[in-house]
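Notes for the one structure printed next.
Values quoted throughout were computed directly from the atomic coordinates according to the rules given, and no laboratory measurement underlies them. All figures in this text were calculated on a predicted structure; none of them were measured in a lab. In this analysis, Cβ positions are derived from the backbone assuming ideal geometry, glycine residues included, and neighbour counts consider all displayed protein chains.
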Amino acid sequence: MARELKAVIAPEEKQLIEKIPTADLDAYENYLRGNYYLYRLGKEDLEKALEYFNCAIELDPGWAPPYSGVAVVYQGLMQMGFISPDEAMIEINKSLNQALELDPDFPGSHYTKAILSVWMEWDWEKGESEFLKALEINPNDVMSRIYYSHLLGILKRFGEASFHSQMAAELDPMNPLVLALSAMVDYMGYEVRVEQALEKSKKALEIDPGHYLASVAFESSSFLIGDYKNSIETFTKIRPEIDNETRQIILNVFRDKGYHTAIDSMLIYLEEYAKTNYIGNTDLGDYYNRAGDMEKAIECYIKAYKLHDPMTPYLVLPAYGFDKIKDDPRIISMVESMNLPITKSE
């Protein structure tokens, strides 16, 4: 096509265009299916994605992308609070190293390194460098661009975050994950664009009604706009720990006694569940924050910090209730040790 159009392309671009992904079409199909489930980010979806990526690896063990996919699956399981960081990191490092060994120029490997640098190592400079490498190889790499916008948001560079978020949404306007992540950027900053976030999360759910992260974005947008009914209904629907019977009990409490009491009742159940199962401490802290129990919220955030919970960096954002805890010396010490800004960076 480039020859017919007489397009001018650089040698490195020509090399990337001519690179054959895999000669095994079944491996390629499994890889594509893995990506579909990966980017829905629900627990069952991530487990299905892992099955497809491993199948692709069995069919073509010399092809890098499925190994990178496996690494991102475990990152997703860790990020969403489904498994502990200790459990995830062994598989992440093994798969990522294999992907980089097979193909150092695969943009997805730099993207994966960026993801790990930011959300596991909390190395903001390294993460930004890896995102920019991936975008240098492929400026239309939507996943690198949208997650880069989240890093910029965590660093409170909200103007830059919004720019890259909107660019990603324009590059792939029918991708529910991109829309959900872009919606989150909309409500990250001090100028909360919650109506825009709600519109994007609704569009994402129209495209894929069962999309986990789109549901999370919709729930958060609903909470921020004061629509507590949609917030609690979505909350109890998407939390994998809450069965139908418990969900109905919580919804009945909401109907009879209001939102904060319903959150309290949900927390009683989640704390009991957490005695024998892993739940992300940042999530628990957020729920206590919403319920107004700042002491328990801070205790959860400190636990999350000690465990290197990948959601911990988000707690510095206004949308996550940071203004309620920012003056506590324990939080100040924690944020400073993570080298994150307490105030706006621009």
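Throw me the Rg/Rh for segment 94-247, computed over C-alpha atoms with Kirkwood Rh, two decimals.
For segment 94-247, the value is 1.02.
What whole number of Å gives the distance from the Cα centroid of segment 74-125 to the Cα centroid of segment 285-308?
Segment 285-308 and segment 74-125 have Cα centres spaced 25 Å from each other.
Whole-Hz Karplus ³J(HN,Hα) for segment 219-234, in order, using 6.51 cos²θ - 1.76 cosθ + 1.60 and θ = phi - 60°, x for Gly and Pro?
Values, residue by residue: 4, 5, 4, 4, 4, 5, 8, x, 8, 6, 5, 5, 4, 6, 5, 6 Hz.
Can you give the angle from 0 to 90° between the axis of helix 244-257 and the longest principal axis of the chain, with both taken from C-alpha atoms, to the nearest 10?
50
Could you work out how far helix 107-119 tilts from the main Cα principal axis of the chain, as a 0 to 90 degree angle to the nearest 10?
20
Using a 10 Å Cβ count of at most 13 others and DSSP loop calls, identify the longest part of the chain lacking such trypsin sites (Lys or Arg not before Pro).
In the chain, the maximal stretch lacking such sites is 20-274.
If you put +1 on each Lys and Arg Cβ and -1 on each Asp and Glu Cβ, how big is the dipole of the chain around its Cα centre, in Debye rounded to 20?
So the dipole magnitude of the chain works out to roughly 660 debye.
Can you give the percent of C-alpha pairs in segment 91-184 whose distance is more than 22 Å?
Here the tail beyond 22 Å accounts for 24 percent of pairs.
What is the local net charge at Ile207, summed over the other residues whose Cβ is closer than 12 Å to its Cβ (Lys, Arg +1; Asp, Glu -1)?
With Lys, Arg at +1 and Asp, Glu at -1, the neighbours total +1.
Can I get the semi-axes of the chain's equivalent ellipsoid? Compute them from the C-alpha gyration tensor as square roots of 5 times the eigenvalues, in angstrom, largest first.
Output for the chain: semi-axes of 35, 22, 20 Å.
Multiply the residue gap between Asn277 and Asp26 by 0.36 nm, knock off their C-alpha separation, and tell me the result in nm, one decimal place.
86.7 nm
Go through segment 135-143 residue by residue and turn each phi into a ³J(HN,Hα) via Karplus (6.51, -1.76, 1.60, θ = phi - 60°); whole Hz please, and just put x for glycine and proline.
Calculated HN-Hα couplings, in order: 6, 5, 5, 9, x, 9, 6, 5, 5 Hz.
Place a +1 charge on the Cβ of each Lys and Arg in segment 69-169 and a -1 charge on the Cβ of each Asp and Glu, then give the dipole magnitude about the Cα centre in debye, rounded to the nearest 20.
In total the dipole reaches around 320 debye.
Suppose R0 equals 30 Å. What FRET efficiency, 1/(1 + (r/R0)^6) with r the Cβ-Cβ distance, do Asn244 and Lys94 give to the nearest 0.05?
E between Asn244 and Lys94, to the nearest 0.05, is 0.20.
Please give the residues of segment 173-196, grouped as numeric ranges, whose backbone N is less than 20 Å from a label point set 7 Å along the Cα-to-Cβ vector of Tyr36.
Counting only backbone N, you get 173-180.
Return the distance in nm (one decimal) between the two label points of a simple spin-label model at Met174 and Asp86, each offset 7 Å from Cα along Cα→Cβ.
Between Met174 and Asp86, the simple spin-label model gives 4.5 nm.
Say each of Lys126 and Lys229 gets a label point 7 Å from the Cα, pointing the same way as Cα to Cβ; how far apart are those two points in nm?
4.9
DSSP loop GluC sites (Glu not before Pro) in segment 144-205 with at most 16 other Cβ atoms within 10 Å of their Cβ, which ones?
When the GluC sites (Glu not before Pro) of segment 144-205 are filtered for loop state and at most 16 Cβ neighbours within 10 Å, Glu191 remain.
Under the definition of Cα pairs under 8 Å and six or more residues apart, what whole-number percent is the relative contact order of segment 176-242?
30
If all Cα-Cα distances of segment 238-346 are sorted into 10 Å bins from 0 onward, what percent lands in each bin, rounded to whole numbers?
14, 44, 29, 12, 2
Could you work out the local net charge near Ile83, counting Lys and Arg as +1, Asp and Glu as -1, over the other residues with Cβ closer than 12 Å to its Cβ?
With Lys, Arg at +1 and Asp, Glu at -1, the net is -4.
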